[in-house]
Amino acid sequence: MLAAASAALLVLAFPASAHAEPETPPALTAERPTITSPADGSFLGSGSAVLTGTKAAGSTVQILAGSSRTSVCTVRSADTTFSCSVSRLPSGPRIPLTAVQLIDGDDNLESEPVYVDVLAPPTIAGTPVLTNGLVQGVGYPNARITLSVGGGSTWSFPAGPEGAWAYVLPRTIGSGSYTLTATQSTPFSHGSQSASSPGVSITLDVDPPEPPTLTSPRPDSSVSPTGVRYSGAGENGATVNVFALTASGSDVALCSATVSADAWSCTGAALPAGTATVTSYQTDAAGNAGTGSAPLSLTVSQPSTARPTPSPSATERDDPTVAPVVPTVPPSATPTPSPSESVVPVPPAEPPAAEPPSAGTWEAATPFTTAVPPALGTADLSWLRALLLAAVAVLLLLVPARMLATTVRGRGARGLPVALTGRNRVPTHDDPAPLVTAPGERVTAAVLVAVAGGMVLFANPVQGELEFLRVLLASVVAVSLVNLVATVVPARLAARLPSGDATVALSPRFLLTVAGVAVLSRVFSLEPALLFGIVFTVTAVSGTRSARGMVAGIRIAAVFALGLLAWLASTLLGTPTGFLDSLLTETANVAAMAGIGSAAILLVPLGRLDGRALLLWSRPAWFGAAFVVLTVLFALLAPVVDVWQTSGDVLLALVVVLTFGALGLSLWIWRRLVQPAMTSD
């Protein structure tokens with residue numbers, strides 16, 4: 001007992017802790033942070049996103065984005081999860097996102113990177129914008145930009161290598177105020193588009209200003225070579241540029257001024273002695289250039305060459321009896337210098353700010369350069385509208401037209417004679433040989449195709465000689481392609497089908513249709529235009545109904561397919577940047593308008609058009625072809641329909657179509673049902 005008590009006292013006096021080494025606390029360990037949203041491989045159509053993940057409790061997490069590891073947000077909380085709103089992520093494929101975690105000064109712990117594809121919306125420069133159609137902005141390099149006006153019409157085009165883009169809105173949408181948004185797509189977006197950019201209010205002004213007036217100096221007046229003040233009236237905010245055409249044929253930029261309170265004035269540069277014709281031009285605030293004012297003829301006096309006479313003394317000036325000395329120049333002593341002689345000009349009081357209007361350049365845009373909307377990326381509502389318009393056209397125009405044709409057939413004159421003038425006697429052997437022989441078939445065909453190409457060009461106005469020549473070349477090439485496909489394809493395929501061989505022949509009367517459709521497009525300002533460009537007929541040799549119908553169907557399908565391919569080519573070519581690009585784009589645009597338009601007109605079941613042969617052979621084939629071709633045609637003419645909807649003309653057109661359809665149906669019912677019943681009674 002005494003030993004046990006002694007041992008207990010020793011334990012109490014010298015505890016074990018006094019002799020043992022202090023115990024080291026366990027090391028604080030933490031797991032790596034993770035990013036749970038967005039998932040790896042996701043596509044973000046906006047530069048903003050909400051990032052979520054896990055972390056250690058009480059730690060700070062910093063999110064790094066991109067190869068430069070830029071910090072986009074920082075979160076510190078007591079939770080084991082985090083959520084971070086990022087306002088701007090860099091755009092590009094496989095953007096790495098990494099979460100970095102810091103615990104009480106220890107080494108950073110990084111999450112496994114999450115790779116996402118990011119494509120922020122493009123930007124539109126300026127707000128609000130006053131423009132004559134030119135819109136600019138910045139997007140992702142080489143991205144496909146899609147502009148939308150008011151959520152309706154859309155246009156697609158590529159951005160530049162640096163991301164900058166510019167586009168000229170078609171004039172067909174008309175002047176007014178619109179809200180413009182933009183999206184973009186890239187190969188790494190895999191068919192998806194970015195979110196829409198914020199709406200930008202634009203004021204579109206496509207109407208050229210009226211010519212300014214030039215009221216001073218007076219017509220046919222004589223002016224000094226320098227210091228002449230030119231003035232007149234114009235449109236507020238516009239810039240007036242004044243130019244002179246001298247007797248030697250050179251243009252002189254006199255001065256420019258801004259119109260304020262409907263008036264403008266400026267001091268002109270020096271002019272050589274002789275005659276000069278002065279004209280003023282006006283460019284409004286949106287950038288639209290107007291035509292020149294009425295030419296003003298002036299006579300520029302010869303500058304004085306007499307030596308100055310010393311001024312009279314004070315006594316002579318004060319003495320009224322002393323006559324002042326007046327310098328005299330002998331009449332006709334010094335000849336008037338010709339325009340070719342050198343004249344020392346006096347520096348103008350106000351230097352000219354602009355060059356005279358040029359005649360145009362090979363690269364200048366025309367209505368045929370940007371008229372066709374993109375074939376890809378068109379809104380679903382536009383195609384639905386095109387389908388409804390196609391149904392209206394088939395049921396209320398084409399079918400009633402065929403009813404009218406069958407109703408009035410056999411009534412009235414059978415038609416005009418083929419030859420209105422010509423020989424009135426039988427030729428004999430002693431008739432003299434013609435002085436000029438007729439051209440061959442190939443020469444005649446080439447001439448007719450070239451004439452058709454020129455007629456097609458009349459559908460939209462083209463300003464400038466150089467632009468006109470370029471578009472004329474594109475039009476002739478496009479019309480040649482349409483005629484080549486409209487003849488070679490049906491003739492070759494017909495020989496391999498039960499329809500048998502087919503013959504190809506020139507049809508000069510088709511030129512009337514080409515001209516009529518072009519005039520119709522010009523009168524109604526259709527942009528894109530409705531074009532017809534075929535001058536050949538293809539006829540089945542056998543002459544049976546089935547053979548004629550098969551050849552007609554092949555011909556319509558071939559021309560329509562060419563139009564579709566040309567439309568796709570125009571979309572892929574994008575906005576042209578030079579002469580060759582403009583030529584290729586305009587050739588594709590004219591081929592698209594002429595191919596699809598020719599297929600639609602050939603489907604009309606009247607006269608000798610292919611649509612009648614196809615309808616007589618197979619009604620289902622005609623109805624199917626009509627719905628498909630006309631749907632694509634109205635999708636191509638979507639900008640025109642947009643303008644008509646805005647102006648209210650679509651209601652007038654609907655009334656006309658309904659009236660025509662009711663008339664055709666009424667006459668058909670009367671002739672086929674009512675009249676036979678009355679006759680039988």
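Quick notes on this one:
- Members of region 237-281 found to be outside any strand (DSSP E or B) and either crowded, with 23+ Cβ neighbours inside 10 Å or in contact with a Pro (Cβ under 7 Å, 6 or more places away or on another chain) (or both), listed by number: A238, A247, S248, G268, A269, A270, L271, P272, A273
- Any hit, region 50-60, residues being of a type in the set (V, I, T), at pLDDT 90 or above, open to solvent by 20 Å² or more (accessible area, probe 1.4 Å) and under 49 Å from the mean Cα position of the chain (by Cα): yes
- Residue match in region 155-168 (condition: open to solvent by 40 Å² or more (accessible area, probe 1.4 Å), at pLDDT below 85 and not small (G, A, S)): no
- Filtering region 122-154 to residues that are within 24 Å of S382 (Cβ to Cβ), open to solvent by 30 Å² or more (accessible area, probe 1.4 Å) and assigned to a loop (DSSP other than H, G, I, E, B) leaves G150, G151, G152.
- Residues that are assigned to a helix (DSSP H, G or I) and in contact (Cβ under 8 Å) with a residue 40 or more places away in the chain within region 564-583 comprise L564, A566, W567, L568, S570, T571, F579, S582, L583, listed in sequence order.
- Failed item in (1) at pLDDT 90 or above; (2) open to solvent by 30 Å² or more (accessible area, probe 1.4 Å), with A474 passing the rest: (2)
- Among the candidates L511, L530, the residue that is part of a helix (DSSP H, G or I) and open to solvent by 20 Å² or more (accessible area, probe 1.4 Å) is uniquely L511.
- Matching residues, region 615-633, being under 31 Å from the mean Cα position of the chain (by Cα) and among the aliphatic types (A, V, I, L, M): A625, A626, V628, V629, L630, V632, L633
- Filtered by the rule that a residue be out of contact with any Asp or Glu (no Cβ under 9 Å at 6 or more places or on another chain), hydrophobic (A, V, I, L, M, F, W, C), surrounded by fewer than 17 Cβ atoms within 10 Å (Cβ to Cβ) and part of a helix (DSSP H, G or I), region 478-507 gives L484, V488.
- Region 287-311 - residue that is open to solvent by less than 50 Å² (accessible area, probe 1.4 Å), more than 16 Å from N241 (Cβ to Cβ) and not in a strand (DSSP E or B) and, of those, modelled with the lowest pLDDT: A306
- Meeting the requirement of 1 or more residues that are within 30 Å of D117 (Cβ to Cβ), the strands (runs of 3 or more DSSP E) wholly within region 166-236 are 176-185, 200-204.
- Restricting attention to region 538-562, the residues that are under 34 Å from the mean Cα position of the chain (by Cα) and either open to solvent by 20 Å² or more (accessible area, probe 1.4 Å) or free of Cβ contacts under 8 Å to residues at least 60 places away in the same chain (or both) total 6.
- Filtered by the rule that a residue be part of a helix (DSSP H, G or I) and touching a residue at least 60 places away in the same chain (Cβ under 8 Å), region 514-527 gives V514, A515, V517, A518, V519, S521, R522.
- Screening region 456-471 for residues that are in a helix (DSSP H, G or I) and not aliphatic (A, V, I, L, M) and picking the one that is modelled with the highest pLDDT gives R470.
For every residue, the table says whether it meets (1) over 25 Å from the mean Cα position of the chain (by Cα); (2) at pLDDT 80 or above.
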{"position": "A635", "(1), (2)": "no, yes"}
{"position": "A638", "(1), (2)": "no, yes"}
{"position": "V655", "(1), (2)": "yes, yes"}
{"position": "Q675", "(1), (2)": "yes, no"}
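- Residues considered: L51, L89, L64. Of these, the only one that is part of a loop (DSSP other than H, G, I, E, B), within 27 Å of Q184 (Cα to Cα) and not charged (D, E, K, R) is L89.
- Test: residue in region 610-623 that is more than 18 Å from E527 (Cβ to Cβ), surrounded by fewer than 21 Cβ atoms within 10 Å (Cβ to Cβ), free of Cβ contacts under 8 Å to residues at least 60 places away in the same chain and of a type outside the set (S, T, Y): yes
- Residue within region 225-233 that is modelled with pLDDT under 90, open to solvent by 20 Å² or more (accessible area, probe 1.4 Å) and in contact with a strand residue (DSSP E or B) (Cβ under 7 Å, 6 or more places away or on another chain) present: yes
The values are calculated or read from the model by the stated rules, or taken from the named source; none is laboratory data. What you see is a predicted model; the values in this text were computed from it and never measured. Every residue, glycine among them, receives a Cβ derived from its backbone with ideal geometry; neighbour counts consider all protein chains shown. Side chains included, ligands, DNA and RNA excluded: accessible areas come from the protein's heavy atoms. Shrake-Rupley method; radii C 1.70, N 1.55, O 1.52, S 1.80 Å.
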